[in-house]
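The values are calculated or read from the model by the stated rules, or taken from the named source; none is laboratory data. Just so you know, these numbers come straight off a predicted model, no measurement behind them. Cβ sites come from the backbone with ideal geometry, for glycine too, and all protein chains shown count toward neighbours. Just the protein is used for accessible areas: all its heavy atoms, side chains included, with ligands, DNA and RNA removed. Shrake-Rupley method; radii C 1.70, N 1.55, O 1.52, S 1.80 Å.
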Amino acid sequence: MNQDIYVVIEHLRGQAADISYLMLAGARALAQETGGEVVAVLLGHNAQSLANNMAAGKVLYVDHPALAEFTSDAYQKALAGLIAEKEPRAVLFASSSIGADVSSVLSSHLNLPLISSCQSFSADGRPISQICGGKIMVESDLPDTTTLLTMIPGGYKSEEGQSGKSPEIIKVEAPALDDLRVTLAIYRSGSRRCGYFQGADSGFGGTRDPKSGQY
Amino acid sequence: MNIVALFKLVPDLVEELEIDQSGTALNMDFLRLIINEFDDHAIEQAILLKERSEARVSVLGLDIEGADDVLYTAASKGADQVIKLTGDFQGKSNNHAMACAVASTLKELQPDLILTGVQANTDLDGSIGPLLAGYLGMPYVGYVSGVNAVDGKVVARKEYPGGLVAEMEIKLPAVLGIQAAEQPPRYVAVTKVRQAMKTATIEERSLAEPDLSGGSTIRRMFKPEAGTRAEMIEGSADEVAARLVGIFKEIGVL
């Protein structure tokens, strides 16, 4: 195991999510304690330019058509091999509809510990998490093995995770991604009322524009 | 299709939460536990799928005080099988240990689709659903707000921030983390639940002793410090508006 802190960059439809920069800032705080380097992990297809302003020592970039848009199965396969091979000190994921889909599955699949809802790190590198809707904070030990963490906003500023200098980008070969069990069919713009999708037009519900047919 | 919905009991956040004397766990002595809201939606989604197809629905939960009520309520909503998992898990536990132990029972049930709540307010080491998927070698999709079963697969509506929804096709067997069922969990009259108490049978299955070694060590729990940055803006509407404009300019949004 090395002492590097990996950050899985979250992006959707060509935009890096703000949480990615917050995580880079958090990773820098943790790397100062471990003595390692901050390494961004970018999965995508023709998405290399997303890494240009990231405050990381280097970027590991995995390019594959199956990674163009997020699907849990493709991300898990791509990351499982990378994490097992590189053995970083910690891997940070966003506590989001992308990061949460991947981190827990990898944790049980790779038999690696996971600490979730981490908001910040203490001065000596201990993750501080939030549970019970923010009513309780938990300070945990960072286990002595590669540890997965999911991060929530609140501890760092996104500006701290950005840089005017482009990091070194290292291309990493993607694993075989040809027998995926999860595939993206289509994006729709969800329209919610009272917290629930309305109607039943597609068998799913949803408010559909009768002219465009779009949700 | 064989559907299994799992539920977890969590602290009612309306109550005042206290930390026990060890400083590393919640004081459970007087804590009221309720069904995890997302798990309630997972059960509802399972029942909706049953109503649209020939699905068989089983609902599982740990044998904790309050579990019987949830199971009988599920039966009164239409669950075909309700199961209580018994064992020694009253003490400190973690989701990895529970998911690993529950995975063995789930294998016996041979589900096509496992539905869980996408998260719970006590999750400190990930959510049960994706952990189960990892142990069972099944695909997982979370933040789901609608599911349709079609020809050996399901199509799930996965939510992203900003109102974006992706329709994901998932081969079965699979695990889904439900954020919201397609309709709010249905209300069941107390009389119907009482009726289920007479007609439904809660099966008991013993759970293997959870292996707690995989979790991280909690150093301390504490309540967040009350913030001191709140500024109450007082005055007339014009004065408040002027102050707001000033604040927006200070932080650079105007």
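To keep it simple, each residue is scored yes or no on (1) modelled with pLDDT under 95; (2) open to solvent by less than 20 Å² (accessible area, probe 1.4 Å); (3) more than 10 Å from every other protein chain (Cβ to nearest Cβ).
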position	(1), (2), (3)
A:Ser120	no, no, yes
A:Glu139	no, yes, no
A:Met151	no, yes, yes
A:Lys165	yes, no, yes
A:Asp178	yes, no, yes
A:Val182	no, yes, no
A:Tyr187	yes, no, no
A:Arg208	yes, no, yes
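Let's see how each residue does on (1) at pLDDT 95 or above; (2) crowded, with 24+ Cβ neighbours inside 10 Å; (3) assigned to a helix (DSSP H, G or I):
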residue	(1), (2), (3)
A:Met1	no, no, no
A:Val7	yes, yes, no
A:Ala25	yes, no, yes
A:Leu43	yes, yes, no
A:Leu60	yes, no, no
A:Leu92	yes, yes, no
A:Ser103	yes, yes, yes
A:Ser108	no, yes, yes
- In the range B:139-167, what residues are farther than 20 Å from B:Pro184 by Cβ and within 8 Å of chain A (Cβ to nearest Cβ)? B:Pro139, B:Tyr140, B:Val141, B:Val155, B:Tyr160, B:Pro161, B:Leu164, B:Ala166, B:Glu167
- Task: Kindly indicate the residue of the range A:122-137 that is open to solvent by 10 Å² or more (accessible area, probe 1.4 Å) and of a type in the set (Gly, Ala, Ser) and also farthest from the other protein chains (Cβ to nearest Cβ) among those meeting that condition.
- Result: A:Ala123
- Message: Quick check on the range B:140-153: of everything there that is surrounded by fewer than 24 Cβ atoms within 10 Å (Cβ to Cβ) and closer than 25 Å to B:Val102 by Cα, which residue is modelled with the lowest pLDDT?
- Response: B:Gly152
- Query: For A:Leu79, are the conditions met, namely being more than 14 Å from every other protein chain (Cβ to nearest Cβ), out of contact with any Phe, Trp or Tyr (no Cβ under 6 Å at 6 or more places or on another chain), at pLDDT 95 or above and open to solvent by less than 20 Å² (accessible area, probe 1.4 Å)?
  - Reply: no
- Checking A:Ser116 against (1) of a type outside the set (A, V, I, L, M, F, W, C); (2) buried (at least 20 other Cβ atoms within 10 Å of the Cβ); (3) under 24 Å from A:Ala185 (Cα atoms), which test does it fail? (3)
- Item | Residues (under 17 Å from A:Arg188 (Cα atoms) and of a type in the set (Asp, Glu)) located in the range B:143-188 | B:Glu159, B:Glu167, B:Glu169, B:Glu182
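One line per residue, one yes/no per condition, for (1) among the hydroxyl-bearing types (Ser, Thr, Tyr); (2) open to solvent by 80 Å² or more (accessible area, probe 1.4 Å); (3) part of a helix (DSSP H, G or I):
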site: B:Pro184; (1), (2), (3): no, no, no
site: B:Lys192; (1), (2), (3): no, yes, yes
site: B:Glu203; (1), (2), (3): no, no, no
site: B:Ala208; (1), (2), (3): no, no, no
site: B:Glu231; (1), (2), (3): no, yes, no
- Being of a type in the set (Gly, Ala, Ser) and facing another protein chain (nearest Cβ under 8 Å) is the filter here, so list the residues in the range B:115-130 that pass it. B:Gly126, B:Ser127, B:Gly129
- Task: Tell me the strands (runs of 3 or more DSSP E) entirely within the range B:1-80 that contain at least 2 residues that are within 11 Å of chain A (Cβ to nearest Cβ).
- Result: B:9-11
- Query: What is the number of the single condition among (1) within 21 Å of B:Arg157 (Cβ to Cβ); (2) of a type in the set (Lys, Arg); (3) touching a Leu at 6+ places or on another chain (Cβ under 9 Å) that B:Lys50 does not meet?
  - Reply: (3)
